[in-house]
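J.: Attaching a single structure in structure tokens format; questions to follow.
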Amino acid sequence: MDRIQIRGGRRLNGEIRISGAKNAALPLMVASLLTDEPLTLACVPHLTDISQLAEILAGLGVEITMNGNGHAEAAIGRVLKLHAKTITSTEAPYELVRKMRASFLVIGPLLARCHKAKVSLPGGCAIGTRPVDLHLKGLEAMGAQIELKEGYVYASAPGGLHGAHILFPFVSVGATENLMMAASIAKGTTIIENAASEPEIIDLGHCLQAMGAKIEGLGTRTLTIEGVERLKGTSHTVLPDRIETGTYLMAVAAAGGEVELVGTRADLLGGVIPLLESAGVHIQATNRGMRVARNGVHFTGVDVTTEPYPGFPTDLQAQLMALMATANGVSHISETIFENRFMHVPELMRMGADITIEHQTATVRGVERLHGAPVMATDLRASVSLIIAGLAAEGETIVNRVYHLDRGFERIEEKLSALGADIKRVKG
Ligand code: UD1
């Protein structure tokens with residue numbers, strides 16, 4: 001299994017390009033199931049989650065072609081053409097779905113277009129129980145019959161899906177995406193209340209609109225979707241990855257230096273930029289993206305609670321904790337989205353961090369310096385927090401189980417090396 005080896009203490013300088021957002025690209029790929037015309041997506045990041053979803057879609061009959069390999073001149077990602085001319089299977093098997101929760105999104109579009117689906121209950125990062133009850137209740141309200149058997153969801157809607165009024169008890173990104181896609185070609189109007197308003201939802205909504213969907217309220221908590229008979233193909237560019245952007249902001253803040261993040265947008269980051277600025281990190285918009293700098297002056301601890309967008313994202317919580325491990329003063333970091341998302345804490349403590357957890361809140365007392373150590377990546381965002389810690393630490397850090405990283409961070413060791421970090425992948 002590959003490992004990442006880092007010798008910490010080097011400042012980061014230069015520029016890197018931010019990739020297309022994984023969490024936008026995945027639902028956009030699934031949207032191809034809604035039309036028999038081709039959907040072309042540009043700026044798709046080169047990640048294992050993307051290739052795994054492509055495999056699932058191919059199994060359903062989607063013809064997929066890719067241009068660009070995600071390297072060198074194709075650094076702005078790949079162009080993916082997905083053509084679901086005929087759906088040849090409505091089954092998404094356990095072996096594929098268990099690897100990535102986002103693949104559960106196929107259930108809504110399959111039901112809407114083919115009136116039936118058999119989809120394995122999902123896997124994904126082990127950051128909590130992560131049920132799919134909201135997805136299923138929403139589809140039931142739209143007329144689907146659902147049966148759970150042997151780890152699979154058997155869903156059918158013999159007369160097709162119809163519009164419904166759905167009120168989510170709490171915000172779910174995935175359930176909003178699933179139902180928004182299904183509702184686009186259901187009969188009648190669907191209203192989703194307490195919908196997610198993440199930039200990735202808006203991106204999906206824009207693509208669906210370009211395909212002919214009638215969606216109102218994108219970016220608000222209420223979505224109104226008037227079903228149309230059929231959607232057509234379109235071309236769409238995936239928006240920049242705000243989680244990758246935030247991760248590099250924190251990496252530079254932790255290691256010191258000055259870096260321009262090219263191709264990203266400050267408006268996607270919600271409360272993240274003001275929070276980092278309040279800690280003493282300098283961030284400035286440029287005409288190509290943004291510049292982050294920490295030269296000399298140290299940063300201070302912050303208090304933060306993860307929340308749905310535009311609040312602080314749970315997907316940046318681990319990275320913020322790695323940064324705050326060496327802040328001046330104490331930080332309180334509360335996780336409200338997932339119940340088991342502090343698995344990076346014992347690993348950061350192996351590197352000398354001073355962290356205690358009580359219920360949903362981690363108290364991080366900044367220490368002068370972290371020390372390199374062998375550590376274990378436990379999930380996607382936790383893995384990258386250990387890289388940030390390793391960049392700031394004294395000595396050598398080995399991050400084991402890096403396959404998690406490859407699911408969500410495009411060419412991370414290449415990008416960090418280009419900025420001057422001493423980081424390499426050790427095969428084996
Ligand atoms: C998406 C993101 C993930 C991010 C998360 C929260 C993708 C591919 N993944 O995941 O990176 O961390 O949003 O911003 O976009 N829940 C239920 N029942 C459901 C659905 C969700 O109880 O039917 C719970 C989950 O367990 C979790 C919370 O709702 O506690 C939020 O989950 P959700 O927003 O659905 O996350 P994902 O869409 O899986």
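J.: Of THR336, ALA117, ALA318, whose Cα points farthest to the positive end of the dipole of the chain (charges on the beta-carbon: +1 Lys, Arg; -1 Asp, Glu; origin at the Cα centre)?
T.: Farthest towards the positive pole: ALA117.
J.: Rank GLY138, GLY227, GLY289 by mean-square fluctuation in a GNM of the chain with C-alpha springs under 10 angstrom and give only the top-ranked residue.
T.: GLY289
J.: Here's a follow-up. Loop-only trypsin sites (Lys or Arg not before Pro) in the range 347-428, please: DSSP not H, G, I, E or B, and at most 10 other Cβ atoms within 10 Å.
T.: Loop-located and lightly packed - LYS427.
J.: Give a residue-ordered list of calculated ³J(HN,Hα) values for the range 6-19 (Karplus: 6.51 cos²θ - 1.76 cosθ + 1.60, θ = phi - 60°; whole Hz; x for Gly, Pro).
T.: So the Karplus estimates, Gly and Pro as x, are 10, 9, x, x, 8, 6, 10, 9, x, 9, 9, 9, 7, 7 Hz.
J.: Cα-Cα over 21 Å: which of LYS85/LYS232; LYS99/LYS137; LYS22/LYS85; LYS149/LYS187; LYS137/LYS187; LYS187/LYS214?
T.: LYS99/LYS137; LYS22/LYS85; LYS149/LYS187
J.: What full-extension length gain, to one decimal in nm, is calculated for GLU63 and HIS359 as 0.36 nm per residue of separation minus the Cα-Cα distance?
T.: Extending this stretch completely gives an extra 101.9 nm.
J.: Setting aside same-chain residues fewer than 8 positions from LYS81, which aspartates and glutamates have a Cα under 19 Å from its Cα?
T.: Excluding near neighbours in sequence, the set is ASP36, GLU37, ASP49, GLU55, GLU63, ASP203.
J.: What is the local net charge at VAL426, summed over the other residues whose Cβ is closer than 15 Å to its Cβ (Lys, Arg +1; Asp, Glu -1)?
T.: My count for the surroundings of VAL426 gives 0.
J.: Quick check on the chain: of the DSSP beta bridges with both residues there, what percent are antiparallel, nearest 5%?
T.: DSSP beta bridges in the chain are roughly 70 percent antiparallel.
J.: Still on this structure, please answer the following. FRET efficiency for LYS81 and THR48, Cβ-Cβ distance as r, R0 = 22 Å, nearest 0.05?
T.: According to the calculation, E is roughly 0.65.
J.: Using alpha-carbon pairs under 8 Å, 6+ residues apart, how would you state the relative contact order of the chain in percent?
T.: Once normalised by length, the contact order is 21 percent.
J.: Additional query: Under a Cβ-only charge scheme (Lys and Arg +1, Asp and Glu -1), can you give me the dipole magnitude of the chain about the Cα centre, in debye to the nearest 20?
T.: 620 debye
J.: Counting only the backbone N, which residues of the range 354-392 are under 17 Å from the spot 7 Å out from the Cα of SER334 toward its beta-carbon?
T.: Label zone hits: 356-364.
J.: What FRET efficiency would be calculated for the residue pair HIS371, GLU55, taking the C-beta separation as r and a Förster radius of 45 Å, to the nearest 0.05?
T.: 0.65
J.: In a Gaussian network model over the chain where Cα atoms closer than 10 Å are linked, find which of ALA255, ALA285, ALA195 has the largest mean-square fluctuation.
T.: Ranking ALA255, ALA285, ALA195 by mean-square fluctuation puts ALA285 first.
J.: Could you give the size of the charge dipole of the range 171-244 about its Cα centre, using +1 on the Cβ of each K and R and -1 on the Cβ of each D and E, expressed in debye and rounded to the nearest 20?
T.: 300 debye
J.: Taking the simple approach of a point 7 Å from Cα along Cα-to-Cβ for both TYR154 and LYS427, what is their distance in nm?
T.: Each label point lies 7 Å from its Cα, and together they span 4.6 nm.
J.: Can I ask one more? Mind checking Rg over Rh on the chain, alpha carbons, Kirkwood formula for Rh?
T.: Reported Rg/Rh, Kirkwood definition of Rh: 0.98.
J.: Ordered by packing density, taken as the mean number of other Cβ atoms within 10 Å over each peptide's residues, highest first, how do 320-331, 230-241 rank?
T.: Packing proxy ranking, top to bottom: 320-331, 230-241.
J.: I've got another one for you. Which is farthest toward the positive dipole end of the chain among ALA141, VAL292, ILE423, measuring Cα position about the Cα centre, with Cβ charges +1 (Lys, Arg) and -1 (Asp, Glu)?
T.: ILE423
J.: How much of the DSSP beta bridge set in the range 346-428 is antiparallel, as a percent to the nearest 5?
T.: Percent antiparallel among DSSP bridges in the range 346-428 is about 55.
J.: What chymotrypsin sites (Phe, Trp or Tyr not before Pro) in the range 133-187 are in a loop by DSSP, with at most 16 other Cβ atoms within 10 Å of the Cβ?
T.: Passing both the DSSP loop test and the Cβ count: PHE170.
J.: To continue, here is another question. What is the list of residues in the range 284-304 whose amide nitrogen lies under 12 Å from a point 7 angstrom out from the Cα of SER278, following Cα to Cβ?
T.: In the range 284-304, the label zone of SER278 (backbone N under 12 Å from the point 7 Å along Cα→Cβ) covers 301-304.
J.: Here's a follow-up. Tell me which of LEU239, VAL272, ALA253 sits at the most positive position along the dipole axis of the range 221-289, charges placed on C-beta atoms (Lys, Arg +1; Asp, Glu -1).
T.: Of LEU239, VAL272, ALA253, it is LEU239.
J.: Where does the chain land at 222 nm, in deg cm²/dmol rounded to the nearest 500, when only DSSP H runs of n ≥ 4 count, each adding -39500 (n - 2.57), divided by all residues?
T.: That calculation yields -8500 deg cm²/dmol at 222 nm.
J.: Continuing with this model, one more query. Just to be sure I follow the definition: excluding the sites themselves, where is the longest run in the chain that has none of the GluC sites (Glu not before Pro) in a DSSP loop with at most 13 other Cβ atoms within 10 Å?
T.: Longest gap between qualifying sites, sites excluded: 1-149.
J.: Let me ask something additional. Using a 7 Å offset from the Cα along the Cα-to-Cβ direction at both THR286 and ASP267, what is the distance between the two label points in nm, to one decimal?
T.: Here the answer is 2.1 nm between the modelled labels.
J.: Still on this model: Under a Cβ-only charge scheme (Lys and Arg +1, Asp and Glu -1), can you give me the dipole magnitude of the range 248-383 about the Cα centre, in debye to the nearest 20?
T.: 360 debye
J.: How much of the DSSP bridge set in the range 71-228 is antiparallel, in percent, rounded to the nearest 5?
T.: 75 percent
We did not get these values from a lab; they are worked out from the coordinates using the rules stated. This structure is a prediction, so every number in the text was calculated from the model and none was measured. With ideal geometry, Cβ positions are generated from the backbone for all residues, glycine too; neighbour counts draw on all protein chains shown.
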